[in-house]
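Have a look at the structure below before the remarks.
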Amino acid sequence: MILTSKERRTLPRVETGLVRDVTCLLVEDDHSLRDLVTNYLEDHGVRVICASRPRELEPLVARNRPDLIVLDLGLGGECGFDLLRELRARCNIPVIITTGRLLDEIDRVVGLELGADDYITKPFSLRELLARIRAILRGREARLTKRRRASERGCCLCFGGWRLERRTRRLTNPRGDPVTLAKGLCVPLLVFLDAPERPLSRKYLLQATRVHQDAFNRSIDTQVTRLRRKLEDPSIIRPERGVGYIFTLPVKTL
């Protein structure tokens, strides 16, 4: 149940180790609910920026680089799944989806498969929303710490029998044979390995691989084509129509 402002002020503060300096992008067109959620989260140390229309998302994400997005699936009567798909194609920011109707199993599966990290139905408890935000951010921080420590040890990334040593950039195929990999191909491969099984847009790949800003969008297609040849199986990196590419295999860090 959503609490009133008076009830919210009487709640005891529950400190559970939220990461400091957290920014949340709240995408909600119900002004009263948006104000209520914003006030509650800011009372608990979360900086909140708000959007009420789909077209506001991209500039707000680019300008503020939020740590997490709370996205209303019924925003302005638009299909929230389409908005989630577009958002996930641009970035890997954690997303909690909210909806005004009870999600059935199909909706939950679709939302999670499109890249949502969690979901919550309205009316919801502000405490529960905050707890879910904290849980996602703690999980993200733990993964980043693990990835950073693994990188310091010169970790090995494994996928479909292939192995890539991050530090030495030594790539071996499933038969154990070394495969020469130029820096121009190693960088995009690492980008894919850091976001496996998620569609990545050409714009995101261009930015993540630090290709010169004046480069054409299709320059990333050339890199990906060469990389697919190196990996011997083109299905490992699959084109996503209207989006970009998706690395289809799960990745294990050793």
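The values are calculated or read from the model by the stated rules, or taken from the named source; none is laboratory data. Remember, it's a predicted structure, so these values are computed and weren't measured experimentally. Virtual Cβ from ideal backbone geometry, glycine too; neighbours counted across all protein chains shown.
Return yes or no: is Arg47 assigned to a strand (DSSP E or B), out of contact with any helix residue (DSSP H, G or I) (no Cβ under 7 Å at 6 or more places or on another chain) and free of Cβ contacts under 8 Å to residues at least 40 places away in the same chain? Yes. For the stretch 34-44, a tally of residues being surrounded by 18 or more Cβ atoms within 10 Å (Cβ to Cβ) and either under 19 Å from the mean Cα position of the chain (by Cα) or not hydrophobic (A, V, I, L, M, F, W, C) (or both) returns 4.
Only residues that are without any contact (Cβ under 8 Å) to a residue 60 or more places away in the chain, of a type outside the set (D, E, K, R) and out of contact with any Phe, Trp or Tyr (no Cβ under 9 Å at 6 or more places or on another chain) were counted in the stretch 216-254, giving 10. On inspection, Arg55 fails the criterion of being buried (at least 17 other Cβ atoms within 10 Å of the Cβ), closer than 30 Å to Thr209 by Cβ, at pLDDT below 90 and outside the structural domain of Tyr204 (by TED's automatic domain parsing).
Of everything in the stretch 76-114, what is more than 17 Å from the chain's Cα centre (by Cα) and either among the acidic types (Asp, Glu) or at pLDDT 75 or above (or both)? Give them in sequence order. Those that are more than 17 Å from the chain's Cα centre (by Cα) and either among the acidic types (Asp, Glu) or at pLDDT 75 or above (or both): Glu78, Thr99, Asp104, Glu105, Asp107.
Looking only at the stretch 121-164, residues that are at pLDDT 90 or above and in a strand (DSSP E or B) come to 6 in all.
Can you go through Arg47, Arg20 and tell me which one is at pLDDT 90 or above, of a type in the set (D, E, K, R) and either assigned by TED's automatic domain parsing to the domain that holds Ala135 or surrounded by fewer than 15 Cβ atoms within 10 Å (Cβ to Cβ) (or both)? Give the steps one after another, and end with the answer.
Values: Arg20 fails: at pLDDT 90 or above.
When all the criteria are applied, what remains is Arg47.
Across the stretch 177-212, the qualifying residues are those that are β-branched (Val, Ile, Thr) and in a helix (DSSP H, G or I), and the one among them that is nearest to Leu87 (Cα to Cα) is Val191.
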